[in-house]
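One structure is given here, and the rest of the page talks about it.
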Amino acid sequence: MITMVTLIDLVLFTLLGITAIAMLRIRDLFAVVMLSGIYSLVSAVIFTDLDAVDVAFTEASVGAGISTILMLGTLALTSTKEKTPRRQSWGALLIVLVTGAALMYGTVDMPAFGDAASPINSPVTDRYITASGEETGVPNIVTSVLASYRGYDTMGETTVIFTAAIAVLILLGSARTTDAPVTPRPATTRSLELRPILRAGAKLLIGPILLFAFYVQFHGDFGPGGGFQAGVIFAAGVILYALIFDMDRARALFRPAVTRPLIALGVLIYAGTGIATLFFGGNFLGYSAFNPHHPAHGQELGIFLVELGVGITVSNVMMTLFFTFCGRRRP
Amino acid sequence: MSWTSLIDHAIGHYNYWVCVVLMMLGFYIVIASGNLIKKIIGLNLFQTAVIMFYISMGKIDGGTAPILVDPEKVSGPVVYTNPLPSVLMLTAIVVGVATSALGLALVVRIKEAYGSIEEDEILAADRASDAKEQAQYAASAAQAAKTEAAQQGHA
């Protein structure tokens, strides 16, 4: 018996496979990048179908938005055509086929899709589902596990994002990226700005996008959302402004001198919350210590603070990445 | 095994099979493509295949998104899909875009240093500059040997 959810799932997974095969075959890198945006969008729909709404949110904003733009920025600095290889690499094909066959063999024993008795649904998960509402006062289980139960992981991941941004700045943030406004370019290169429909549309959209980012940030406890998604959505609003209007104007509003220190501030807020819980007599990131009489209130406060830290770091990292890639002059 | 059970098995494992195919497509692009940007796109494919695999495993039939609902507003027990894969994969996606940005930054610097983002051209340029260096070294060594011999001849 096939349910509707399974049917949608089968169709979408097939579409995903077709998109990936097209990405392999096409040599025009611009088309490949556009296809990867479509691929991310289809992935986001699949995640919604599989009840992973928070992941869908993230994939839609990161994969279809930011990562496509970073790829395009790189194409503008390098080249948009892939060279035709001189020969087919049969060795690579053999390795891939053998590995693929081994993995396929591995799936034979796996529990079927949607099986509630599958070992992945362990007692740990049951505990999260039954107890997290009372312990943290946060209805969204993904948020409470992310920011409280597995807060250490998330702090590590925020630090990885921070480190990646530092590394990109070391590689590309040097002399050739000018923080000072450059001389106005000729009108032909600013053609986006001259298109009235794009301008009007962007003007209507940018405000709601930024507002929506704040909603996702602060409503993440109750519905899908949180610091990661909010940060990316906020950055997407700023990037839209920079693309349609002017890089320099956007950079004047969100100056590198402000956004770069904010990257570190977000991580500091996260780690600082952990240190604060130590001073309240709890464990590192054990938010219950904030309010010994109502541990759930303490948890809510702690989750709010670390999500805020994540949001600040992620939004500023994404803006910095965009400005660094797209502000660099062609060699 | 009867036909119906085979079909059930296929439907129950289709997600995993597509994940394996996606992963291998990404793997093939990483190995076989000479273009550095294409390689990074291949890595992204590989990564999304893993993410898709985890999320597929967490889904429970008849489940709903893991956001607690008010028990008074629904009749009967609510089944929640496993929240743990969502948590792990959500952060992986954001970390993934940050790390692929780092990869793209390296590609931009390679383009500026070598004038190309094709693997074979970069390797050829490396070999050419190596050969040039070795030739220079050999020439200067021969020069040094010659002057030494000349000095010994004087003595």
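The table below gives the values:
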| item | result |
| --- | --- |
| Inter-residue pairs, beta-carbon under 7 Å, first away from chain B (no Cβ under 14 Å) and farther than 30 Å from A:H297 by Cα and in region A:200-224, second open to solvent by less than 100 Å² (accessible area, probe 1.4 Å) and modelled with pLDDT under 90, 6+ apart | A:A202/A:I244 |
| Subset of region A:109-127 [farther than 18 Å from A:Y149 by Cα and not in a loop (DSSP other than H, G, I, E, B)] | A:G114 |
| Residue in region B:127-148 that is closer than 30 Å to B:V30 by Cα, of a type in the set (D, E) and modelled with pLDDT of 90 or more present | yes |
| Filter result for the condition that a residue is within 30 Å of A:T48 (Cβ to Cβ), more than 14 Å from chain B (Cβ to nearest Cβ) and in contact with a helix residue (DSSP H, G or I) (Cβ under 7 Å, 6 or more places away or on another chain), over A:Y270, A:Y241 | A:Y241 |
| Residue count for region B:1-29, restricted to those that are at the interface with chain A (Cβ under 7 Å from one of its Cβ atoms) and assigned to a loop (DSSP other than H, G, I, E, B) | 0 |
| Filter result for A:F228 (in the same structural domain as A:V160 (by TED's automatic domain parsing), surrounded by fewer than 18 Cβ atoms within 10 Å (Cβ to Cβ) and in a helix (DSSP H, G or I)) | no |
| All positions within region A:27-58 that are without any contact (Cβ under 8 Å) to a residue 40 or more places away in the chain, at the interface with chain B (Cβ under 7 Å from one of its Cβ atoms) and open to solvent by 10 Å² or more (accessible area, probe 1.4 Å) | A:S36, A:D51 |
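Here's the yes/no breakdown for (1) outside the structural domain of B:H13 (by TED's automatic domain parsing); (2) open to solvent by 60 Å² or more (accessible area, probe 1.4 Å); (3) of a type outside the set (F, W, Y); (4) on the phi < 0 side of the Ramachandran plot:
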{"site": "B:A49", "(1), (2), (3), (4)": "no, no, yes, yes"}
{"site": "B:F53", "(1), (2), (3), (4)": "no, no, no, yes"}
{"site": "B:G76", "(1), (2), (3), (4)": "no, no, yes, no"}
{"site": "B:P83", "(1), (2), (3), (4)": "no, no, yes, yes"}
{"site": "B:L106", "(1), (2), (3), (4)": "no, yes, yes, yes"}
{"site": "B:K111", "(1), (2), (3), (4)": "no, no, yes, yes"}
{"site": "B:A150", "(1), (2), (3), (4)": "yes, no, yes, yes"}
{"site": "B:H154", "(1), (2), (3), (4)": "yes, yes, yes, yes"}
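Yes/no per residue for (1) touching a residue at least 40 places away in the same chain (Cβ under 8 Å); (2) in a loop (DSSP other than H, G, I, E, B); (3) more than 7 Å from chain A (Cβ to nearest Cβ); (4) of a type in the set (A, V, I, L, M):
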residue: B:I31; (1), (2), (3), (4): no, no, no, yes
residue: B:S56; (1), (2), (3), (4): yes, no, no, no
residue: B:G96; (1), (2), (3), (4): yes, no, yes, no
residue: B:A124; (1), (2), (3), (4): no, no, yes, yes
residue: B:A131; (1), (2), (3), (4): no, no, yes, yes
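The values are calculated or read from the model by the stated rules, or taken from the named source; none is laboratory data. It should be emphasised that the depicted structure is a prediction, and the values quoted were computed from it without experimental measurement. Cβ atoms come from the backbone with ideal geometry, glycine included; neighbour counts cover every protein chain shown. With ligands, DNA and RNA removed, areas are computed over all heavy atoms of the protein, side chains included. Shrake-Rupley method; radii C 1.70, N 1.55, O 1.52, S 1.80 Å.
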